[in-house]
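First comes the structure, then the notes that go with it.
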Amino acid sequence: MSDSFEVISLPADMIQPASYGKKNNTWYTSPAGGGGSRSSTTGTVSGVGGWQSRPPAVPSLSRKASITEEAPPPGGGKPSSGRVIRIVNNHDHTVQCRVLLNLRTSQPFEEVLEDLGQVLKMNGAKRMFTVSGQEVRSFSQLRNEFADVDTFYLGTGSALVMAGGVTTSPVRRSRSRGPSTVVEEVSRQRRARSKSRPRALYAPDPEVVRVNADYSVVEVLREEPARVTIRGLRRSFYPPSHLPPVDNSPPEKKLQLEWVYGYRGTDTRKNLWVLPSGELLYYVAAVAILFDREENAQRHYIGHTEDIMCMEVHPSRELVASGQKAGRHRKAQPHVRIWSTETLLTLYVFGMTEFQMGVSALAFSQLNGGSYVLAVDSGREAILSVWQWQWGHLLGKVATMQEDLTGAAFHPLDDNLLITHGRGHLTFWNRRKDGFFERTDIIKPPSRTHVTSIQFEQDGDVVTADSDGFITVYSVDADGAYFVRMEFEAHNKGISSLVMLSEGTLLSGGEKDRKIAAWDSLQNYKRITDTKLPESVGGVRSIYPQRPGRNDGNIYVGTTRNNILEGSLQRRFNQVVFGHGRQLWGLAVHPDDEVFATAGHDKNIALWRRHKLLWTTQVGFECICIAFHPFGVALAAGSSEGHLLVLAADTGAAVATLRVCGSPLSCIGYNPTGEIVAMGSQNGSVYLFRVSRDGFSYKKSNKIRGTQPLMQLDWSSDSRFLQTVTQDYDLLFWDVKVLSSEKSPLVMKDVKWYTHNCTVGYMTSGQWNNRYYPLTTVVTTSSRSAAHDMLISGDAEGYLRLFRYPCTTAKAEYVEEKVYSSLVACARFLYNDQNVVTVGGTDAALMLWELVDE
């Protein structure tokens, strides 16, 4: 090799004493040792500490200084004088390193290739290829034609050896097909990179070393960057210099559902019952809840894999039938489950291949002791089927062809007479012995009447309620034909629930006017009394007597805003269960107490202590995110209209409301000292506010401009940096001190993070492209435990997974639960790592999990 090298001058403040060790004629820094000096003309060296004879050397640089002064961002930029590339030994792909090349050198390109070959333990390196097999012949090609390529192979022959032993010939790029060739090269490069695996290389010290040639060894990585594919795009995350040992075994804890908050009243009907034990029965997401008010305890049936769409209690009141909607996988087919309310064990499952979209209605027969179950498919044809559930036998089915079918029931005096109702639809079906159905339409299109609920009088007459506020009673004549016996207006607008009590009193609940009225069916439906619910709880969704069979007037009421009330028409109603009435995205945990806060689109902010609601506050804006002050004294929430809302944590009293920007604030977080609060916006910018010592006074400080909508945010432990995740799952870094984005992820690899709620990054890369679940899985939330030993992760399909932390390889094992159908919006550990809180986003399902030993 030639010894005529160009000397690159360095700033005086960057020169430090350094010692060197030799490996394959390339000089690396020694972890400890003395320094040396050299003559620029003769190359003689005066040694210190036992080093007597060695080639010329230049003092080492710290990595950050070198990259800041000389190196461009990895894989990006095109500086005029230098460029960082990765070189790979063509004969042994496990040998590779990153180098900083001086593209303005006077040294011949062939000699530089030989020098680079020595770094890769190659003799006689003569050729350089791109991943797609194109040969690089000059510095100008590196500077211009291959400016976007960051990985090159060095070889001694005329062909490129790919992974698996495949040999490709060099390809010369045609100038007449420039654009198409570039696209082809990028796609080939991605396919080749997908075969790479983490590699352990030979050099123990990743310091930047400038040797006496026109390149610098930026880093010889002990670990490869973690490369993951997210929504079809490949991303690389760089490991820290000192990695803790990786343990791919599943954690020693498992998730056990402890409490479910709220009630599903926004989009389902007939979903509240009282069991003989006095427990309330209702469902949220894929969980059936049995709530004992006296003991303040819950039991849960979690046999379903997707959201429960309907439920019915057996006439014995000891069994329950529940139907679920269809999921995306074979294991999540719609079906019906029969289970025991005493043991919570599944007794029967049927209909696995019979339903298309889900089960929209269920009912038990009455005369034969509940031996039959009817089920309605929520698909386009709305198929009505009758089953003998003990044997799983299908007795008959018929296509109702109703688009909006609300409910169905057996007639209490005839197990072969079924009634379906919905929008513009009230039909009687008589099931014959041969399995066929005779259809009798009472209401049919083009009628606009939406029959919402159905009940029966003791003599079998049918009572219906509709969306116009009318109650209609149908009787049958001597010829078996049905006619309208009477009709009257009961509510101003739609009626959502009818309940016929044992003594003949009919209760009706209004969805719009929020009224509950009592009617005497024995006196031609004379109004007895009525009451009106407060506006804050919403309209009536479901009504059920507290003690069925007793005439005491006490009832439970489920509302459209996901609350359950108890009371009577003669006294006021009290709240039994509180739930957020619309989408729920905001969740924050207290820094040193078993307390957490939620903020939703229903403009409610609530504080919880385990199973108890401490307070709830109505604010003026829909909230998306929320955070606790590090001292626990204040709560800061970001709204969908760009406002910062500050509340006192102990009382829920509003402290301040500040206008931040015109876009939604999607993430928020205090720095470790509580002096600054940062907010990430949908407009891509980060907003910084100064906070007073007591946490209650806020003043706008600065803004760091960005372009991509932000979703998650973390502070560094020294309050110097922020990391954020964009809507496209790009990891961005921000320097708070200089108010700019940090372009090089390599510089940020050793930063310690105060929290780790960002879903992407090297330390959490194992939750992406994991070998144990589909590659298309999109992680929507993740969070590190306080002890830095566990990672909770939620995805877009409702799976909740618990990993060990750090989670850096695709072989990382986990424990898994699934109770959501849609995405898991947020998951956080409580301060003591003994519980996890999760929120469901669109379904507003809030749940508390306990971590128990396997």
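Given R₀ = 30 Å, FRET efficiency for Ser140-Asn702 by Cβ-Cβ distance, to 0.05? Walk me through the intermediate numbers first.
Values: r = 43 Å, r/R0 = 1.42.
It comes out at approximately 0.10.
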**Report entry** Efficiency of FRET from Cβ geometry, Leu345 and Lys526, R₀ 41 Å, rounded to 0.05
**Finding:** 0.30
Query raised in the report: How long is the gain from Gln118 to Lys737 if the chain were fully straight, where each residue apart is worth 0.36 nm and the alpha carbon distance is subtracted?
Result: 218.7 nm
Requested in this report: For a quick protection proxy, order the peptides 627-636, 646-655 by their average other-Cβ count within 10 Å, most packed first.
Outcome: 627-636, 646-655
Requested in this report: Using the Cα centre as the reference, give the magnitude of the dipole from point charges on the C-beta atoms of the stretch 399-479 (Lys, Arg: +1; Asp, Glu: -1; all else neutral), rounded to the nearest 20 debye.
Outcome: 340
**Report entry** Cα centre as origin, Lys/Arg/Asp/Glu Cβ charges: the stretch 584-853 dipole, Debye
**Finding:** 720
Query raised in the report: Which value in nm describes the separation of the simple spin-label points at Glu854 and Thr657, placed 7 Å from the Cα toward the beta carbon?
Result: 5.0
Report task. For Met486 paired with Asp728, estimate the spin-label separation in nm (one decimal), with each label point 7 Å from Cα along the Cα-to-Cβ line. Result -> 6.7
Report summary line: Note: Asp477 to Arg234 extended length (0.36 nm per residue) minus current alpha-carbon separation gives 80.3 nm
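On a 22 Å Cα-Cα criterion, which of the cross-link pairs Lys270/Lys612; Lys512/Lys603; Lys253/Lys752; Lys325/Lys444; Lys397/Lys444; Lys700/Lys752 come out too long?
Values: Lys270/Lys612 26 Å; Lys512/Lys603 20 Å; Lys253/Lys752 26 Å; Lys325/Lys444 27 Å; Lys397/Lys444 20 Å; Lys700/Lys752 26 Å.
The pairs that break the limit, which is 22 Å between Cα atoms, are Lys270/Lys612; Lys253/Lys752; Lys325/Lys444; Lys700/Lys752.
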Requested in this report: Would you please name the trypsin sites (Lys or Arg not before Pro) within the stretch 762-831 that are DSSP coil residues with at most 14 other C-beta atoms within 10 Å of their C-beta?
Outcome: Arg771, Lys811
Report summary line: The summed charge of the Ser685 Cβ neighbourhood (under 9 Å; Lys/Arg +1, Asp/Glu -1) stands at +2
Requested in this report: Please list 378-384, 821-827 highest first by mean number of surrounding beta-carbon atoms within 10 Å per residue.
Outcome: 821-827, 378-384
Requested in this report: Output the peptides 478-485, 282-289, 415-422, 361-368 sorted from most to least packed, where packing is the average of other Cβ atoms within 10 Å over each peptide's residues.
Outcome: 282-289, 415-422, 361-368, 478-485
Query raised in the report: How high is the FRET efficiency between Arg293 and Asp650 when r is their beta carbon distance and R₀ equals 22 Å, given to the nearest 0.05?
Result: 0.25
Query raised in the report: Taking amide hydrogens as modeled 1.01 Å from N in the peptide plane, which residues meet the under 5 Å criterion relative to Asp795, leaving out close sequence neighbours?
Result: Thr780, Val824
Report summary line: Taking the stretch 763-854, the equivalent ellipsoid from its C-alpha gyration tensor has semi-axes in Å, biggest first, of 18, 17, 10
Report task. Return the distance in nm (one decimal) between the two label points of a simple spin-label model at Met357 and Glu438, each offset 7 Å from Cα along Cα→Cβ. Result -> 3.1
Query raised in the report: Among Ala827, Ile605, Tyr698, which residue has its Cα positioned farthest towards the positive end of the charge dipole of the stretch 584-853, with +1 placed on the Cβ of Lys and Arg, -1 on the Cβ of Asp and Glu, and the dipole taken about the Cα centre?
Result: Tyr698
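Every number in this text was worked out from the coordinates using simple rules, so none of it is lab data. Note that the coordinates shown come from a computational prediction; the quantities given were computed from them, not determined experimentally. Virtual Cβ from ideal backbone geometry, glycine too; neighbours counted across all protein chains shown.
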